[in-house]
Amino acid sequence: MNKMNFKKIIFRTAFSLLAFFIVATANAQDANIRGFVYLKATGEPVLFTNVYLQGTTIGASTDVNGYYSITQIHPGTYTLMVSSIGYDTLKEIITVKAEDIITRKLYLVKSAVAMKTFTVSAEQQKKQTDVLISSFSITPQEIKKLPSVGGEPDIAQYMQILPGVNFTGDQGGQLYIAGGEPVDNEVLLDGMVVYNPFHSIGLFSVFDDDIIKNADVHTAGFNAEYGDRISSVMDITTRDGNKQRVTGKVSASPFGAKTMVEGPLKKDTTGTGSTISFIVSAKTSYLQQTSKILYPYVDSGNGLPFNFTDLYGKVSFNGANGSKLNVFGFNYTDQVKYQAISNLNWTQTGVGSNFVVIPSSSSVLIEGNFDYSSYKIGMTEPDISPRSSGVNGFNMGLAFTYFMGKNEIKYGINISGTKTSLDIFNSVNREINQTNNSTELDGYLKTKLISKNGKLVVEPGIRLQYYASLPDFSPEPRLGVKYNVTKNFRLKAAAGIYTQNLISSTSQLDVVDLFYGFLSSPQQLQSQFTQQNGTVTNVTNNLQKADHIVFGFEYDFLKHFSLNVEAYEKFFNQLLELNPYQIYTSDNVNPQSLVNVPDVLKQDFLVESGTAKGLDFLLKYEYKHVYVWAVYSLGYVTRWDGQISYPPNFDRRNNVNLVVSYDFGKDLDWTVGARWNYGSGFPFTQTQGFYENLNLQNNINANYTTANGNLGVLYGTQNQGRLPDYSRLDLSIKKKIVLTENSTLEVGAGVTNAYDRQNIFYFDRITYQRVNQLPIMPTVNVDWTF
């Protein structure tokens, strides 16, 4: 399909459907019952549970704030019900009049007896009422089903088993999602941008699993509420502190230790008042020290080079009607010392706030955020000039959501400002030192319409992105559709246009790139680009651009099995990369002599295009105490740089993940888990030979016959080689011991890389030294919850 026609079709379809939806949902509402569902024991919101009127088909599911809104209720008396597995069914009689807006906070109590009654599944309902294409909602309970590598479950480990996700390694790994680079993935923590969510040892993220409330991961085709990224989104929300009592957790393992404390600063003794609560978390790794004793075989007693420290704190103010304000902050640091290879250090900090407002006289839900975050990274290597980069900026936004029966409309605005700096040396040893500022303003509108028979679900949206510093205006229509063929078989599709104003400083010539810097609106960019079909186009802006198309189906069969199959294609129409062809610089050549030199030989950055195609299969089985997750992903990623077509160094053809978890014992206090991962080899650029690189630019009269030069590398055709394939088996077993009513001890043991597979991590071209991923590493851990 012609790309311009593709954009016109999506654009016109989105606007037509938006107009239709707004007209279709503009009917007067009868009455509205809204509010929040909380756990009585802790005051924590209950996510994705059903709230409905008994004896009717009228109801709603709670969101990540525990908020529900039931609209279009005719006047009368009803029984409001909440049913959730593991909790007593809650009932409350409510009488509504025309145009009433009634707010109710509901509190669930944990069930003392396991009842064998029928409970409506909120997850099953969402499958039929939301498009949910290339989208995964992750809870802490699901993360804990994985083997606890290093003693603690972590969202970084869970991300690696998602369809379409490739991970480049246990050491210094990065996540590549459905053909996009890490810089193309937006990571949000309570609305704040986190520039590097994963530590250098790829088993751990910066986030503490015990403070995560929910994480939504969108690998392709995401709608208009997300922008300024061209590949994927990971949206993490943290939970509030316990509103009833002080509680916490202390954990320790050979990999590291952590502590978490939470509790009320102001209690609500009546169940109808306001509260203030806090939660703080700290975790650290001391693997470099412990591995010298416990894993001396790893690196001749030098130990594994990974240390990090993560700090997070949050205070939550909750109003009597459910409105709330959160104030939070974090500090994450990472220190790595690869033996004889490099030293890498980064740190990121952030402070921010977000709020939810429930107006008393309106059915709208108002959300907002304001935050500031920064990230700095530095790297030193033998015989190579040091590299450094930094990015910092603010972000503020407002969002409004209207609920109209099963349908809804959401719109919002965002303003952000970013400053980036990059100091590196390119392939001709020229220093690239740029500091850029950028400002962005965007607005979006999305809606959801469900047909009367519940068969068709359509979610169109439009995002208007204005890059003030370029300047450039980008209208970006989005569209998602689902058709419920039957209750158990559903078809779905999505498409959209995406842009971003941020690039990374990676080089495709590196076997493994450990340094990851950032830059916005790069200078020294070519003015024209030759497409693969020979067409020459003008480069009119410094944006990265992509179009997404996704389609697939869901099939629930044999009662407890579900199969999800999706195919996607991403058209990366404009990508910006470091220029590997540059041989001239304005530092050592008269600028006038470069007038007739092609841009590709003299500019710091290069324009590329490319595609990412994939087919993902996800088979899931969950019944009683058995959980099975099986994923197979087939992917093809190609790039065109105006000269050659090549696969980028994260192009993995085949990726398989198998996860099994089983709870057993009289009180289900034992859990065993296993995860096996297989991936075919990544591309890399082979070495053809070496030469002496004489640098005479500062002394043209030097005698080249006696001068000493540096060792230069002759590279082969870009990324035409393939590294060996990768596989790893992780195992774990856990035992929970109840000490008192509010205190438990959990003891676990596990092994990483159980069959000691030697997976390649890094290869030094000069010394021909190979560095492998993590070897077999047994571990034990102890968690005390009080």
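The values are calculated or read from the model by the stated rules, or taken from the named source; none is laboratory data. Note that the structure is predicted; figures quoted are calculated from it, not measured. Heads up, the Cβs are rebuilt from the backbone with ideal geometry, glycines too, and the neighbour counts pull from every protein chain shown. Heads up: the accessible areas ignore ligands, DNA and RNA and are worked out on the full protein's heavy atoms, side chains in. Shrake-Rupley method; radii C 1.70, N 1.55, O 1.52, S 1.80 Å.
Does S362 satisfy the condition of being modelled with pLDDT under 95, more than 20 Å from the chain's Cα centre (by Cα) and either closer than 30 Å to L456 by Cα or part of a loop (DSSP other than H, G, I, E, B) (or both)?
Details: modelled with pLDDT under 95: yes; more than 20 Å from the chain's Cα centre (by Cα): yes; either closer than 30 Å to L456 by Cα or part of a loop (DSSP other than H, G, I, E, B) (or both): yes.
Taking the combined requirement at face value, the residue satisfies it.
Can you report the number of residues in region 614-673 which are in a strand (DSSP E or B), buried (at least 17 other Cβ atoms within 10 Å of the Cβ), of a type in the set (A, V, I, L, M, F, W, C) and in contact (Cβ under 8 Å) with a residue 40 or more places away in the chain?
The qualifying residues number 6.
In region 716-753, which residues are under 28 Å from the mean Cα position of the chain (by Cα) and in a loop (DSSP other than H, G, I, E, B)?
Passing the criteria: N719, L723, P724, D725, N753.
Look at T486 and say whether it is open to solvent by 10 Å² or more (accessible area, probe 1.4 Å), out of contact with any Pro (no Cβ under 6 Å at 6 or more places or on another chain) and not acidic (D, E). Don't jump to the end; show me each part of the working.
Working: open to solvent by 10 Å² or more (accessible area, probe 1.4 Å): yes; out of contact with any Pro (no Cβ under 6 Å at 6 or more places or on another chain): yes; not acidic (D, E): yes.
Against the criterion (open to solvent by 10 Å² or more (accessible area, probe 1.4 Å), out of contact with any Pro (no Cβ under 6 Å at 6 or more places or on another chain) and not acidic (D, E)), T486 qualifies.
Taking into account only those residues within region 498-507 that are surrounded by 22 or more Cβ atoms within 10 Å (Cβ to Cβ) and assigned to a loop (DSSP other than H, G, I, E, B), which is modelled with the lowest pLDDT?
Per the criteria, the residue is S505.
How about region 641-660: which of its residues are polar (S, T, N, Q), at pLDDT below 95 and touching a strand residue (DSSP E or B) at 6+ places or on another chain (Cβ under 7 Å)? Give the derivation first.
We begin by selecting, within region 641-660, every residue polar (S, T, N, Q); these are 643, 645, 649, 654-655, 657.
Retained after the next criterion (residues that are at pLDDT below 95): 643, 645, 649.
Answer for region 641-660, where residues must be polar (S, T, N, Q), at pLDDT below 95 and touching a strand residue (DSSP E or B) at 6+ places or on another chain (Cβ under 7 Å): S645, N649.
For region 734-751, enumerate the residues that are open to solvent by 20 Å² or more (accessible area, probe 1.4 Å) and under 25 Å from I201 (Cα atoms). It would help to see each step written out before you state the result.
Initial filter on region 734-751 (open to solvent by 20 Å² or more (accessible area, probe 1.4 Å)): 734-742, 744-747, 749, 751.
Of everything in region 734-751, those that are open to solvent by 20 Å² or more (accessible area, probe 1.4 Å) and under 25 Å from I201 (Cα atoms) turn out to be K734, E746, V747, A749, V751.
Do you know which residues across region 322-347 are modelled with pLDDT of 95 or more, under 23 Å from the mean Cα position of the chain (by Cα) and not β-branched (V, I, T)?
Once the filter is applied, which keeps residues that are modelled with pLDDT of 95 or more, under 23 Å from the mean Cα position of the chain (by Cα) and not β-branched (V, I, T), region 322-347 yields N326, F328, G329, F330, N331, Y332.
Yes or no, residue by residue, for (1) loosely packed, with under 15 Cβ neighbours inside 10 Å; (2) among the polar types (S, T, N, Q); (3) assigned to a strand (DSSP E or B); (4) out of contact with any helix residue (DSSP H, G or I) (no Cβ under 9 Å at 6 or more places or on another chain):
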residue: Q532; (1), (2), (3), (4): yes, yes, no, yes
residue: H548; (1), (2), (3), (4): no, no, yes, yes
residue: K559; (1), (2), (3), (4): yes, no, no, yes
residue: Y568; (1), (2), (3), (4): no, no, yes, yes
residue: N573; (1), (2), (3), (4): no, yes, yes, no
residue: L576; (1), (2), (3), (4): no, no, yes, yes
residue: I583; (1), (2), (3), (4): yes, no, no, no
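Which ones in region 752-786 are open to solvent by 70 Å² or more (accessible area, probe 1.4 Å) and among the acidic types (D, E)?
D756, the sole residue that qualifies.
Starting from residues that are of a type in the set (S, T, N, Q) and within 22 Å of V364 (Cα to Cα), keep the ones in region 65-108 and report whichever is farthest from the chain's Cα centre (by Cα).
First pass over region 65-108, keeping only residues of a type in the set (S, T, N, Q): 65, 69, 71-72, 77, 79, 83-84, 89, 95, 103.
Checking which are within 22 Å of V364 (Cα to Cα) leaves us with 65, 69, 71-72, 95, 103.
Values: N65: 19, S69: 28, T71: 33, Q72: 36, T95: 43, T103: 34 Å.
Filtering first and then ranking leaves T95.
Look through region 419-452, keep the residues that are open to solvent by less than 30 Å² (accessible area, probe 1.4 Å) and of a type in the set (S, T, Y), and return whichever of them is modelled with the highest pLDDT.
Of everything passing the filter in region 419-452, Y444 is modelled with the highest pLDDT.
Conditions: (1) buried (at least 24 other Cβ atoms within 10 Å of the Cβ); (2) out of contact with any Asp or Glu (no Cβ under 6 Å at 6 or more places or on another chain); (3) among the β-branched types (V, I, T). V194 meets all but one. Number of the miss?
That leaves (1) as the condition not met.
Is there a residue being open to solvent by 10 Å² or more (accessible area, probe 1.4 Å), assigned to a strand (DSSP E or B) and in contact with a helix residue (DSSP H, G or I) (Cβ under 8 Å, 6 or more places away or on another chain) anywhere in region 178-187?
No, region 178-187 contains no residue that is open to solvent by 10 Å² or more (accessible area, probe 1.4 Å), assigned to a strand (DSSP E or B) and in contact with a helix residue (DSSP H, G or I) (Cβ under 8 Å, 6 or more places away or on another chain).
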